[in-house]
Each structure stands twice: as C-alpha cells, then as structure tokens.
C-alpha cells in the first residue's frame with residue numbers, strides 16, 4: 001500500500017528554497033518513496049506525467065476540489081516553460097523541487113497565464 005506520509009516526508013526533506021528546474025524528478029522521487037510498489041513511468045516533461053500517475057493507481061480529481069495531502073498536480077506549459085510543472089500537496093503547501101508559497105502555480109508567469117492543470121489523488 002502506498003504511504004502518502006512517507007512520500008510527503010521525502011518531498012519536504014529534499015525541497016529547496018527556490019526552483020532548481022527539476023520539479024518532475026523531485027516529485028516523482030517523493031511519490032516513489034511512498035513505496036507500495038508505486039513506480040512512475042519516466043517522462044521527459046512534467047506535463048506528461050498524468051498517464052504515469054493513473055497507471056500507478058492515482059485518480060484524476062474533479063476540477064475545483066479542495067486539495068488533500070498527497071495530491072499531485074500536473075500543469076501544462078506556458079511560453080518560456082515548455083515542460084509544464086508537477087508538484088505534490090503536503091497538506092499545507094504545494095512542493096516540487098522547492099516549497100511553493102503561492103499555490104500550485106510555481107511562479108508569477110504561471111499565476112498570470114493560468115494554464116490548464118489536473119490534480120491526481122491516490123485512493
């Protein structure tokens with residue numbers, strides 16, 4: 001069984017103060033640190049991890065639902081950020097390779113442009 005608290009603990013322990021440009025790697029490693037046989041298929045871009053999450057048992061959540069600890073967001077690209085973004089909710093903050101202090105959109109450009117996103121939850 002996947003241990004979301006172990007995943008969150010790994011995520012929090014490895015997060016930096018600012019972005020390193022490796023959101024997908026850090027989020028994927030945290031998810032896999034939750035064990036339970038959850039292994040995500042590697043993708044080149046954060047924007048492409050939705051299918052890996054569903055294959056690992058995560059379920060896409062309805063739009064507008066309040067996030068729960070362990071939820072994962074996949075955000076589509078914007079100009080200048082062709083790989084999109086991936087992060088996990090730790091119960092208080094969205095965290096990827098850094099602690100995001102302004103919601104799941106990782107930066108000002110994302111917050112202005114508000115690209116499409118999907119949130120996934122492991123049952």
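The values are calculated or read from the model by the stated rules, or taken from the named source; none is laboratory data. Being a predicted model, the structure only gives us computed values, none of them experimental. Note that each Cβ is placed from the backbone with ideal geometry, even for glycine, and that neighbours are counted across all protein chains shown.
The table below gives the values:
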{"quantity": "Unmet requirement for residue 43, which otherwise passes all of (1) in contact with a helix residue (DSSP H, G or I) (Cβ under 9 Å, 6 or more places away or on another chain); (2) modelled with pLDDT of 95 or more", "calculated": "(2)"}
{"quantity": "Filter pass, residue 118 being in contact (Cβ under 8 Å) with a residue 24 or more places away in the chain, surrounded by fewer than 19 Cβ atoms within 10 Å (Cβ to Cβ) and farther than 15 Å from residue 69 by Cβ", "calculated": "yes"}
{"quantity": "Yes/no for residue 79 being out of contact with any helix residue (DSSP H, G or I) (no Cβ under 9 Å at 6 or more places or on another chain) and more than 23 Å from residue 6 (Cβ to Cβ)", "calculated": "no"}
{"quantity": "Helices (runs of 4 or more DSSP H) wholly inside segment 1-108 containing at least 3 residues that are in contact with a strand residue (DSSP E or B) (Cβ under 8 Å, 6 or more places away or on another chain) and either without any contact (Cβ under 8 Å) to a residue 60 or more places away in the chain or more than 13 Å from residue 122 (Cβ to Cβ) (or both)", "calculated": "23-33"}
